[in-house]
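One structure is given here, and the rest of the page talks about it.
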Amino acid sequence: MDSSAKASPAPASAYAETRKLGTRMMPYVALLRHDLRSLWQSWLVRLWLGATALLTFMLVGANWAQFRDGTLIASLLFPYLVFPWFFVVVVLGVSPVSGSRSETLADGILSRPVSRCEYLLATWSARVVLVLGIYLIVTVPSIILVMLAKRPVPGDTVTIYGIVTALGVVGLVLTFLVSLGFLMGTLLRKPLLAVVVLVFIWYPIGLILSVFSLEEFSPISLSRAISTQLRQSWREPGANPQGKADAEDINGVTDQMSHFFSVLSGVQPRPKAANPDFFEGGKFEDFSLLRVTLGYGLPTLAAVFLASLCFYWRDL
Amino acid sequence: MEPAIRTEHLTKIYGQRLIAVNDMNLDVPRGSIFGLLGPNGAGKTTTLRLLLGLQRPTAGRAEVFGRLCGPNAVAVRSMIGYLPTNPQLPGNLRPIEYLDLLGKLSRLPGEIRKPRISALLRAVGLLGATGQRIQTFSTGMCTRLGIAASLVADPPLLLWDEPTAGLDPSARRFTLDLIRELGKTKTVVVATHILGDIDQICDHLGVMHEGRMIFTGSMQDVKQRLRRNDFTLELDGAAEDIRHLAQQANNVEGVEAVADTGPALLVRIADGHSRSRALADVLKLIDASRLSLQDVHSGQNATENAYLQLLQEDEAHGFQR
């Protein structure tokens, strides 16, 4: 047999001819779907979904007759920004490219015609999609319920725009946390070490930023600023102390009128809404959506870029 | 015609501590079944991983079909089917799902992918296990699925690392037969430390020792290198008769016979004498005796001897290196 005639490298030319976008994106989409499926089958994700649904239910139930709309929604978002879901999100971000088993499975994929960038982006986006999916699946129905139900608390000035932007801000923070976990997992290669390092670095940094009211960077400050953002309107996206004062005046008048008519009619007055200091600090009038987006968006991009760079240069 | 694989001064040093591959120059001819032989830790797996771009060389370069290997050399990997040692597969998937994923990673359209997957599952004998999750598979089944996985994209070059590790005799036979069959249309590199496998399937050989490629050539070159004029004749009969036969055989010109290795006679033929004539004379003596001939081995195991001799030479010439 003529050995030179056989074993011609046909697949290389076939690869070069894959100019269609669908064909080019096939590995990315396949990896994304595979990772989403694997994640969905993991006990951590299922446990998290159950726990976050339970916690949301408990928060809504416990504060149903106490918190006004904005405060209640802010309290629902708090676990995603600070504790305990910060921890879960970081663990989910850390795992894909670290740990011996993950690396062995990655070997099996990266020995195929897949670039490291494709692999990394697919695994990262699978985690982002999953985290955001679970967060929205639980919070959106709860917020709709809170907004539409007749609750025994005074009305609030929460706007659709405020809800959407608040959800977006929390989603951005979650994306950032996944990316940060992703970067640490890629750098340190040991999932447990990466999580410990993140917890011990991130919380002190968050507290320091909170002390200086840098809501654009601190999740703790952000969680306090969310109730302010929820009351922002589309036409006045910037802080408007005068507008806020007007809303408070209207609320005060409404409360007084309600009390007056209750006394006249002999009906029990509506209970006065609790006003917890943490969520209603009132210090976030200068809250800027643009700064928050840049404050978390740019570090997110930087984390993904650095993780890609690190993954590209390292040996598997 | 450029070779299927070419390395030039390929070197890999881990963390300034361990030299895994040391200044390796290698040409693997197209269409060959190339055995990469070496003891554990010789650098065989590292060499394969460098070719795949899973690791970066510290120095030197590696090419596959004239294309430079590296982490982002997707076109190179599209020409390679890799089977790692004891492949770790995603246990949550079923075989069809796994092969379908790999087919998509190779950008194979559905009309090519689907029939090929079923043909491969049939070929490796896993058609009856398509309903099971991979985590329930035995070692042999995982290896067979790994083999199918390496063939999904129908690559012209196969890199199989210890393909018979942990297999029972029938699975080992199946794998070796498959390599022989695939070698008719592809270039196959088999990294192993099992000499028997190399002996049966390979037509070219590279011997690695402590990261160095200490020999490359055809199997004929290897055997020529250690051409041994000795034969072991396995006999059935009394020990006294075998000793008597040895005495008679020692009288044949150019023959030295030794009968101290159980029911066998070791016959050494001196240089300058016809091996066939000397052996025929000894066989005539057996025919005339009360012994019966069971088997004849040439040079015990030529490949094993050649391999061991190469390793000894390499160690003896350590300073000269």
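The values are calculated or read from the model by the stated rules, or taken from the named source; none is laboratory data. Predicted, not measured: the structure shown is a model, and the values here were computed from it. Reconstructed Cβ throughout: ideal geometry from the backbone, glycine too, with neighbour counts over all protein chains shown.
All conditions but one from (1) out of contact with any Ser or Thr (no Cβ under 6 Å at 6 or more places or on another chain); (2) part of a helix (DSSP H, G or I); (3) under 29 Å from A:TYR28 (Cβ atoms) apply to B:ARG122; the one that does not is (3). As for the stretch B:32-41, it holds at least one residue that is within 21 Å of the chain's Cα centre (by Cα), hydroxyl-bearing (Ser, Thr, Tyr) and surrounded by 16 or more Cβ atoms within 10 Å (Cβ to Cβ). Every test in (1) touching a residue at least 40 places away in the same chain (Cβ under 8 Å); (2) in contact with a Gly (Cβ under 9 Å, 6 or more places away or on another chain); (3) away from every other protein chain (no Cβ under 14 Å) is passed by B:GLY125 save one, and that test is (2).
For the stretch A:139-166, give me each residue that is under 30 Å from A:GLN41 (Cβ atoms) and buried (at least 21 other Cβ atoms within 10 Å of the Cβ). Passing the criteria: A:THR139, A:ILE143.
Taken over the stretch B:146-175, the criterion of being at pLDDT below 90 and assigned to a helix (DSSP H, G or I) is satisfied by B:PRO169, B:SER170, B:ALA171, B:ARG172, B:ARG173, B:PHE174, B:THR175. Restrict the check to the stretch B:43-64 and report whether at least one residue is farther than 17 Å from B:ASP161 by Cα, part of a helix (DSSP H, G or I) and in the same structural domain as B:HIS193 (by TED's automatic domain parsing). For the stretch B:43-64, residues farther than 17 Å from B:ASP161 by Cα, part of a helix (DSSP H, G or I) and in the same structural domain as B:HIS193 (by TED's automatic domain parsing): absent.
If you go through the stretch B:129-145 and keep only what is within 14 Å of chain A (Cβ to nearest Cβ), within 26 Å of the chain's Cα centre (by Cα) and exposed (fewer than 15 other Cβ atoms within 10 Å of the Cβ), you end up with nothing. B:LYS104 meets all of the listed conditions (1) within 14 Å of B:LEU145 (Cβ to Cβ); (2) within 13 Å of chain A (Cβ to nearest Cβ); (3) not aromatic (Phe, Trp, Tyr) but one, namely (1). Scanning the stretch B:97-146 for residues that are farther than 23 Å from B:ASP168 by Cα and among the basic types (Lys, Arg) yields B:LYS104, B:ARG107, B:ARG113, B:LYS114, B:ARG116. For the residues A:VAL178, A:VAL169, the requirement of being under 18 Å from A:VAL304 (Cβ atoms) and modelled with pLDDT of 85 or more singles out A:VAL178.
Can you name the residue in the stretch A:21-79 that is touching a helix residue (DSSP H, G or I) at 6+ places or on another chain (Cβ under 7 Å) and outside any helix (DSSP H, G or I) and is also nearest to the other protein chains (Cβ to nearest Cβ) among such residues? Among residues in the stretch A:21-79 that are touching a helix residue (DSSP H, G or I) at 6+ places or on another chain (Cβ under 7 Å) and outside any helix (DSSP H, G or I), the one nearest to the other protein chains (Cβ to nearest Cβ) is A:ASN63.
Any residue at all in the stretch B:91-100 that's farther than 21 Å from B:ARG144 by Cα and over 19 Å from the mean Cα position of the chain (by Cα)? The answer is no; no qualifying residue exists.
When B:GLU63 is tested against (1) more than 21 Å from the chain's Cα centre (by Cα); (2) surrounded by 23 or more Cβ atoms within 10 Å (Cβ to Cβ), just one condition goes unmet, and that condition is (2). With respect to the conditions (1) crowded, with 17+ Cβ neighbours inside 10 Å; (2) modelled with pLDDT of 90 or more, B:LEU126 lacks only one, and its number is (2). Scanning the stretch A:36-50 for residues that are farther than 13 Å from A:GLY133 by Cβ and in contact (Cβ under 8 Å) with a residue 24 or more places away in the chain gives a single hit, A:LEU44. Taken as a whole, the structure places A:LEU121 among residues that are surrounded by fewer than 23 Cβ atoms within 10 Å (Cβ to Cβ) and closer than 25 Å to A:MET25 by Cα. Within the stretch B:90-111, the presence of at least one residue that is surrounded by fewer than 16 Cβ atoms within 10 Å (Cβ to Cβ), charged (D, E, K, R), assigned to a helix (DSSP H, G or I) and free of Cβ contacts under 8 Å to residues at least 12 places away in the same chain is confirmed.
Could you look through the stretch B:6-32, keep only residues that are hydroxyl-bearing (Ser, Thr, Tyr) and farther than 9 Å from B:GLY60 by Cβ, and pick out the one that is farthest from the other protein chains (Cβ to nearest Cβ)? The residue in question is B:TYR14. When restricted to residues that are out of contact with any strand residue (DSSP E or B) (no Cβ under 9 Å at 6 or more places or on another chain), of a type in the set (A, V, I, L, M) and surrounded by fewer than 22 Cβ atoms within 10 Å (Cβ to Cβ), the stretch B:146-169 contains 1.
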